[in-house]
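Asks: What follows is a single structure, and I will ask about it in a moment.
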Amino acid sequence: MLSSRFASSELGADDFQRCGIEPPPSVQRSVAKRQAEYLAGRLCARDALRALAGLDRVPAIGDDRAPVWPADIAGSITHSSGWAAAVVAHKQDWRGLGLDAESLMPAARAQRLAAEILTPAEIQRMDPAQVALCVTLTFSLKESLFKALYPLVGQRFYFEHAEVLQWSADGRARMRLLTSLSPEFDHGYEVTGQFAWVGEHLLSLVAVR
């Protein structure tokens, strides 16, 4: 895993060319913030691929907007508020990787979004004194779960299709699917996740062996 800080306000007109990265049309048409996020994430991904496998390659964007990794490599990219990261591994070790970074939600926003992100069972288990952390962490873990499983199953699923069963202060979490995505990843499939604070960002990871 490699990470980097960046400032959208300092993005220059020639930064993509200088870095040897060709932005796709959708990014070229976007605002500076999105362009900076894309560039920072792809730079992290390129450096991670170089460190892992000696590859000088930048993952393209697929038709589904997901990064296109080399056939024998699993990977994931994330960015949040001036910080970007990418994680890669050989598929013989890890079949799917999902990485997500989030800033802690303000308590009022977390309370407002809780019903969209958490299942009724998750809301029941939530500590009222930790609403902001619970909602942010659940959001991040489910994002990481999607990133890890989507390349393996080829179909989208949403917040209501998974639940966080438990998490602990040592950075470990257990999750379960509430829908069937494939014969292997069916209803009731459980997977572990990890999370940690990196500066002001909450970082979560789901890795499928």
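The values are calculated or read from the model by the stated rules, or taken from the named source; none is laboratory data. In this text the structure is predicted, and so the values were computed from the model without any measurement. Neighbour counts are summed over all protein chains in view; Cβ atoms, including those assigned to glycine, are modelled from backbone coordinates with ideal geometry.
Asks: Leu145 is checked against (1) within 26 Å of Gln111 (Cα to Cα); (2) touching a helix residue (DSSP H, G or I) at 6+ places or on another chain (Cβ under 9 Å); (3) touching a residue at least 60 places away in the same chain (Cβ under 8 Å); (4) not charged (D, E, K, R) and fails just one. What number does that condition carry?
Replies: (2)
Asks: Of all residues in segment 126-139, how many are touching a residue at least 12 places away in the same chain (Cβ under 8 Å) and part of a helix (DSSP H, G or I)?
Replies: 9
Asks: Working carefully through the options Ser4, Ser8, Ser26, find the one that is touching a Cys at 6+ places or on another chain (Cβ under 8 Å) and in contact (Cβ under 8 Å) with a residue 12 or more places away in the chain.
Replies: One residue alone meets the criteria, Ser4.
Asks: Which of the helices (runs of 4 or more DSSP H) found entirely inside segment 1-119 contain at least 3 residues meeting this: closer than 26 Å to Val198 by Cα?
Replies: Counting at least 3 such residues, we get 32-53, 107-117.
Asks: If you don't mind, another one. What residue, of Thr192, Thr179, is among the hydroxyl-bearing types (Ser, Thr, Tyr), over 22 Å from Ile77 (Cβ atoms) and touching a residue at least 12 places away in the same chain (Cβ under 8 Å)?
Replies: Going through Thr192, Thr179 in turn, just one is among the hydroxyl-bearing types (Ser, Thr, Tyr), over 22 Å from Ile77 (Cβ atoms) and touching a residue at least 12 places away in the same chain (Cβ under 8 Å): Thr179.
Asks: Among Ala7, Ala45, which is the only one that is within 23 Å of Arg156 (Cβ to Cβ), small (Gly, Ala, Ser) and at pLDDT 95 or above?
Replies: Criteria check complete, one pass: Ala45.
Asks: Continuing with the same structure: Out of (1) over 18 Å from the mean Cα position of the chain (by Cα); (2) surrounded by 11 or more Cβ atoms within 10 Å (Cβ to Cβ); (3) closer than 17 Å to Val135 by Cβ; (4) not aromatic (Phe, Trp, Tyr), what's the single condition that is false for Met175?
Replies: Of everything listed in (1) over 18 Å from the mean Cα position of the chain (by Cα); (2) surrounded by 11 or more Cβ atoms within 10 Å (Cβ to Cβ); (3) closer than 17 Å to Val135 by Cβ; (4) not aromatic (Phe, Trp, Tyr), Met175 misses just condition (1).
Asks: Could you give every pair whose Cβ atoms fall below 8 Å, whose first residue belongs to segment 149-164 and is closer than 25 Å to Ile123 by Cα, and whose second residue is of a type in the set (Gly, Ala, Ser) and assigned to a helix (DSSP H, G or I), counting only separations of at least 6 or pairs across chains?
Replies: Sorted first by the residue in segment 149-164, then by its partner, the pairs are Glu163/Ala121.
Asks: Ok, one more. Identify, from the list Ala196, Ala148, the residue that is under 26 Å from Ser3 (Cα atoms), hydrophobic (A, V, I, L, M, F, W, C), part of a helix (DSSP H, G or I) and within 16 Å of the chain's Cα centre (by Cα).
Replies: Within the list Ala196, Ala148, the selection yields Ala148.
Asks: Given the conditions (1) surrounded by 17 or more Cβ atoms within 10 Å (Cβ to Cβ); (2) farther than 19 Å from Ala196 by Cβ; (3) not charged (D, E, K, R), report the number of the one that Gly154 does not fulfil.
Replies: Gly154 satisfies every listed condition except (1).
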